[in-house]
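Data first, discussion second: the structure below is written as structure tokens.
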Amino acid sequence: MGSRGASGAALTWYEGCAILNTDAEAIEEAPMRDRVEHVINRIRPAVQMDGGDIELLDVVDGLVKVRLVGSCSGCPSSMMTLKQGIERAIRAEVPEITGVEAVPE
């Protein structure tokens, strides 16, 4: 869900936190992989706070392939994080994406 902040900048809601999009129009015009990487870079700090990380491996035909590393790599909640957090955030800003898949280490 997006909205506008007091400055008029676009805000994106992720897990109850507003994340500022500094240049939303430029992001929409970027290649798909760059837009996916932009979203991952914004949510990465939240994942890193729990001792994990996300590596973008590939974007092919609308499917994003990532590797969950660190504490995410074997965490029982990693699939929920992948689907309810990472995939939801990516698909909200890059609607052409059809899914996000974790590739094992």
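The values are calculated or read from the model by the stated rules, or taken from the named source; none is laboratory data. Keep in mind it's a predicted model, so treat the numbers as computed, not measured. Every residue, glycine among them, receives a Cβ derived from its backbone with ideal geometry; neighbour counts consider all protein chains shown.
Out of the residues in the stretch 79-105 that are assigned to a loop (DSSP other than H, G, I, E, B) and either in contact with a Cys (Cβ under 7 Å, 6 or more places away or on another chain) or among the hydrophobic types (A, V, I, L, M, F, W, C) (or both), state the one that is farthest from ALA30 (Cα to Cα). The residue in question is VAL103.
Cβ-Cβ contacts under 7 Å between residues 6 or more apart (or on different chains), taken from a first residue in the stretch 40-51 that is surrounded by 13 or more Cβ atoms within 10 Å (Cβ to Cβ) and at pLDDT below 95 to a second residue that is part of a loop (DSSP other than H, G, I, E, B) and of a type outside the set (Gly, Ala, Ser), are listed as ALA46/GLU15; VAL47/CYS72. Here is the figure for the stretch 32-74: residues that are part of a helix (DSSP H, G or I) and acidic (Asp, Glu) total 2.
Considering the stretch 10-39, and only residues there that are closer than 19 Å to ILE97 by Cα, among the small types (Gly, Ala, Ser) and surrounded by 13 or more Cβ atoms within 10 Å (Cβ to Cβ), the residue that is modelled with the highest pLDDT turns out to be ALA30.
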